[in-house]
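First comes the structure, then the notes that go with it.
The values are calculated or read from the model by the stated rules, or taken from the named source; none is laboratory data. All values reported here derive from a predicted model rather than from experimental measurement. With ideal geometry, Cβ positions are generated from the backbone for all residues, glycine too; neighbour counts draw on all protein chains shown. Ligands, DNA and RNA are stripped out before the accessible areas are found, and what is left, the full protein with its side chains, is counted by its heavy atoms. Shrake-Rupley method; radii C 1.70, N 1.55, O 1.52, S 1.80 Å.
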Amino acid sequence: MKKHFLHLLFLLATASLLAQNATLNLIPQPVEIQQGTGTFALTKSTTVGYNKPEAKAAAEMLARHLSTPTGYVILAKEGKSASINLSLKATPYDKIGKEGYTLEATTKGVNISANHAAGLFYGMQTLLQLLPKEIESLSPLGGRGPGGGWAIPAVKITDYPRFGWRGLMLDVSRHFFPKEDVKTYIDEMARYKYNVLHWHLTDDNGWRLEIKSLPKLTEVGAWRVERAGHFGDREDPKPGEKATYGGFYTHEDVREIIQYAAERNVTIVPEIDVPGHSMAALAAYPELSCTDATVYVNPGTPFSDWWGNGTFSMKVENTLNPSEEKVYEFLDKVFTEVAMLFPNPYIHVGGDECYKGFWKNDPGCQALMKKLGTHHVEDLQGYFMGRLDKMLAAKGKKLLGWDEILEGGISPGATVMSWRGMKGGIEAAEMGHDVVMTPTTFAYLDYTQGDPTVDPRIYARLRCKTSYNYEPVPDGVDAKHILGGQGNLWTEQIPNMRYAFYMTYPRAWALSEVYWSQKKDKNWDKFSQKMEAHFQRYDMAQKRYSKAVYDPIVTTKKDGDKLVLHMSPEVAGLDLYYTIDDVMPDNFSPKYTAPVALPPGPITLRVQAYRDGQPIGHLITLTRGQLEARVDW
Ligand code: ACM
């Protein structure tokens, strides 16, 4: 007995020591954390209490989440005496605002409180992250639970977001994601305290929203011919070929998804991308184009030429005709249903990459330009957006568009989504417009995240560390106009939800600290340690993510006629071993410590990261030609 008692004492002492030193791996980083001593462990008698009906949903969600992996039947009930309490404050605590919370975990239990249900939801997410990774198990672990029990370290947290707009954009046009996939995406983003889903519903490759008054939009526009292979290099439809790939969301689906999102404090901003990117709409209603073009819903064929300086031309018409009244009648029908379905005050009207070549040659557009007293075809975009601004205002909605809406005259109340860098956002903010920052350079989640010789071909690159080091408020800009920002997931090369996760995470974790956490608390080395802990949580939950952060970053520079190699790891604690003599490297090969001037010859570089003597990440193999091609990347 005495032996057992001593053993128990030893265990208790170790547990409290561990608790004192517990590493908290919270993403995004909370504003204030005070660590305490000891732990509180979930047991089969754990209960979740809540104090008001508005807190019930979060309490029930938490109880469900805790029950599955533990195998305990944890119930939510109204009242204050539970081991975990979710409380809405009787008097508001101004410091934490609408979405903030306080969380106090002691050896006796956990109290989460907030001014609103959103804060309780976020407090619950933080609590889940305080638990061992096994809490992410999809099935009861029974005796295979975490070694130290279901322990929550003692801690006091006060937390609230830096920005009100913390979004992810999901493109469902290039590939269609069924309703359940959209919910999965929402569920995950909410866990990292994102609160806006920007839903890119229409584009050249599919119209995804039922518009009851325009049935052809989904009968025709939601379907394209089945194609495999690299999107953008595919073959045109053959005459008579059936369009069988696609899908769309009914009004009922949309209401269900909006409700699901609202339960997770996510609001949905719908995007109807016009006047460009409209090939799917034109496939259904060709009379809305300048040439009554017979176009098809594009299955990923090449139809535009890019000239390398941001300018481009379209071989196929994909623009609505701004001089045609039928276009405004069409859009009025579309936006009437969109406004009725979506409670969010904003409707995103696109406005990006609108090719004006067909407008230039169209007699109707020429007449309209004359009437407007302009020689610039670009001004027709300003005219078009002005009409949309009024149309939306009449429906009680605010216009949001990509930064091209600054061209040709921006409407007074418009909000700008800055994507071509920060420039558009800065210009808009200086003019007094609100801005959502989503620059390609930091926030485009479709870009290759590791070495392009490993990850599939995409036209640009974006490392997780680069996303992390992003500051959305440019110097000299009035911060009140920067509503926040987003990560954007375009899905040309993303055919399913598991791969959407691979492209989104971990970069969206990095961006969650950009948009939620305080600027002063950002630290890549600390973040990347937490990121690795979240990798383990995802493994437990069988979710997909990219491990590109383990792949060496290889760039080159020219020094006279010499080609000089520069290599670096993206996360700390990695050593890079390389060869240039056509053998496979191991950790007895040369270790990279300083730039290497390559000798002449048909050299191939091979570089592998190691941690603690074990290879980690991909072997990167680059020929001299490939190394030459990446000078000054
Ligand atoms: C965009 O990436 N075309 C907004």
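Does Asn205 qualify as being over 26 Å from Ser304 (Cβ atoms), crowded, with 19+ Cβ neighbours inside 10 Å, in contact (Cβ under 8 Å) with a residue 60 or more places away in the chain and not hydrophobic (A, V, I, L, M, F, W, C)?
Taking the combined requirement at face value, the residue does not satisfy it.
Could you please find all residues in the range 228-263 being open to solvent by 10 Å² or more (accessible area, probe 1.4 Å) and either under 24 Å from Met417 (Cα atoms) or of a type in the set (A, V, I, L, M, F, W, C) (or both)?
Within the range 228-263, Ala228, Phe231, Ala243, Phe248, Ile258, Ala262 qualify.
Which of the numbered conditions does Pro363 fail, given that it passes all the others? Conditions: (1) open to solvent by 20 Å² or more (accessible area, probe 1.4 Å); (2) at pLDDT 95 or above; (3) closer than 22 Å to Ala339 by Cα.
(3)
For (1) free of Cβ contacts under 8 Å to residues at least 12 places away in the same chain; (2) more than 16 Å from the ligand (Cβ to nearest atom); (3) under 30 Å from Ala428 (Cα atoms); (4) crowded, with 21+ Cβ neighbours inside 10 Å, each residue gets a yes or a no:
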{"site": "His481", "(1), (2), (3), (4)": "no, yes, yes, no"}
{"site": "Gly485", "(1), (2), (3), (4)": "no, no, yes, yes"}
{"site": "Ile494", "(1), (2), (3), (4)": "no, no, no, yes"}
{"site": "Tyr499", "(1), (2), (3), (4)": "no, yes, no, no"}
{"site": "Ala510", "(1), (2), (3), (4)": "no, yes, yes, yes"}
{"site": "Trp516", "(1), (2), (3), (4)": "no, yes, yes, yes"}
{"site": "Gln529", "(1), (2), (3), (4)": "no, yes, no, no"}
{"site": "Met540", "(1), (2), (3), (4)": "no, yes, no, no"}
{"site": "Arg544", "(1), (2), (3), (4)": "no, yes, no, no"}
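Of the conditions (1) touching an Asp or Glu at 6+ places or on another chain (Cβ under 6 Å); (2) closer than 28 Å to Trp359 by Cβ; (3) more than 16 Å from the ligand (Cβ to nearest atom), Val220 fails just one. Which one is it?
Of the numbered conditions (1) touching an Asp or Glu at 6+ places or on another chain (Cβ under 6 Å); (2) closer than 28 Å to Trp359 by Cβ; (3) more than 16 Å from the ligand (Cβ to nearest atom), the odd one out for Val220 is (1).
Does the range 457-474 include one or more residues that are part of a helix (DSSP H, G or I), more than 16 Å from the ligand (Cβ to nearest atom), open to solvent by less than 10 Å² (accessible area, probe 1.4 Å) and hydrophobic (A, V, I, L, M, F, W, C)?
Yes - at least one qualifying residue is present in the range 457-474.
Residues of the range 547-581 being open to solvent by 10 Å² or more (accessible area, probe 1.4 Å) and more than 24 Å from Gly613 (Cα to Cα), which ones?
Thr555, Lys557, Lys558, Asp559, Gly560, Asp561, Lys562, Val564
Surrounded by 18 or more Cβ atoms within 10 Å (Cβ to Cβ) and in contact (Cβ under 8 Å) with a residue 24 or more places away in the chain: is that true of Leu141 in this structure? Don't jump to the end; show me each part of the working.
Working: surrounded by 18 or more Cβ atoms within 10 Å (Cβ to Cβ): no; in contact (Cβ under 8 Å) with a residue 24 or more places away in the chain: yes.
Spelling it out, it is not the case that Leu141 is surrounded by 18 or more Cβ atoms within 10 Å (Cβ to Cβ) and in contact (Cβ under 8 Å) with a residue 24 or more places away in the chain.
Can you name the number of the only condition in (1) under 24 Å from Trp199 (Cβ atoms); (2) of a type outside the set (S, T, N, Q); (3) within 16 Å of the ligand (Cβ to nearest atom); (4) open to solvent by 50 Å² or more (accessible area, probe 1.4 Å) that Tyr346 fails?
For Tyr346, the exception is condition (4).
Could you list, in sequence order, all residues of the range 268-299 that are within 16 Å of the ligand (Cβ to nearest atom) and of a type in the set (Gly, Ala, Ser)?
Once the filter is applied, which keeps residues that are within 16 Å of the ligand (Cβ to nearest atom) and of a type in the set (Gly, Ala, Ser), the range 268-299 yields Gly276, Ser278, Ala280.
Identify all residues within the range 518-527 that are assigned to a helix (DSSP H, G or I), of a type outside the set (Lys, Arg) and surrounded by fewer than 21 Cβ atoms within 10 Å (Cβ to Cβ); write none if there are none.
Matches in the range 518-527: Asp521, Trp524, Asp525.
Of these, Glu235, Glu241, which one is part of a loop (DSSP other than H, G, I, E, B) and free of Cβ contacts under 8 Å to residues at least 60 places away in the same chain?
Matching residue, one of Glu235, Glu241: Glu241.
Can you say whether Ala460 is within 30 Å of Val607 (Cβ to Cβ) and aliphatic (A, V, I, L, M), as far as the supplied structure shows? Show your work before the answer.
Numbers: within 30 Å of Val607 (Cβ to Cβ): yes; aliphatic (A, V, I, L, M): yes.
Criteria met by Ala460.
Given (1) under 23 Å from Glu210 (Cα atoms); (2) away from the ligand (no atom under 15 Å from the Cβ); (3) not aromatic (Phe, Trp, Tyr), where does Ser313 come up short, assuming only one miss?
If we test Ser313 against (1) under 23 Å from Glu210 (Cα atoms); (2) away from the ligand (no atom under 15 Å from the Cβ); (3) not aromatic (Phe, Trp, Tyr), just (1) comes out false.
Count, please, the residues in the range 379-424 that happen to be assigned to a loop (DSSP other than H, G, I, E, B) and either open to solvent by 30 Å² or more (accessible area, probe 1.4 Å) or in contact (Cβ under 8 Å) with a residue 24 or more places away in the chain (or both).
Number of matching residues: 14.
In the range 428-447, which residues are within 16 Å of the ligand (Cβ to nearest atom) and surrounded by fewer than 20 Cβ atoms within 10 Å (Cβ to Cβ)?
Once the filter is applied, which keeps residues that are within 16 Å of the ligand (Cβ to nearest atom) and surrounded by fewer than 20 Cβ atoms within 10 Å (Cβ to Cβ), the range 428-447 yields Thr440, Thr441.
Just to be sure I understand, how many residues within the range 61-86 are closer than 14 Å to Ala118 by Cα and part of a helix (DSSP H, G or I)?
Count: 2.
Of the residues that sit in the range 349-367 and are out of contact with any strand residue (DSSP E or B) (no Cβ under 6 Å at 6 or more places or on another chain) and closer than 20 Å to Met417 by Cα, which one is nearest to the ligand (Cβ to nearest atom)?
Ranking the candidates gives Glu353 first.
Do the conditions hold for Lys52, that is, is it open to solvent by 10 Å² or more (accessible area, probe 1.4 Å), charged (D, E, K, R) and at pLDDT below 95?
Taking the combined requirement at face value, the residue does not satisfy it.
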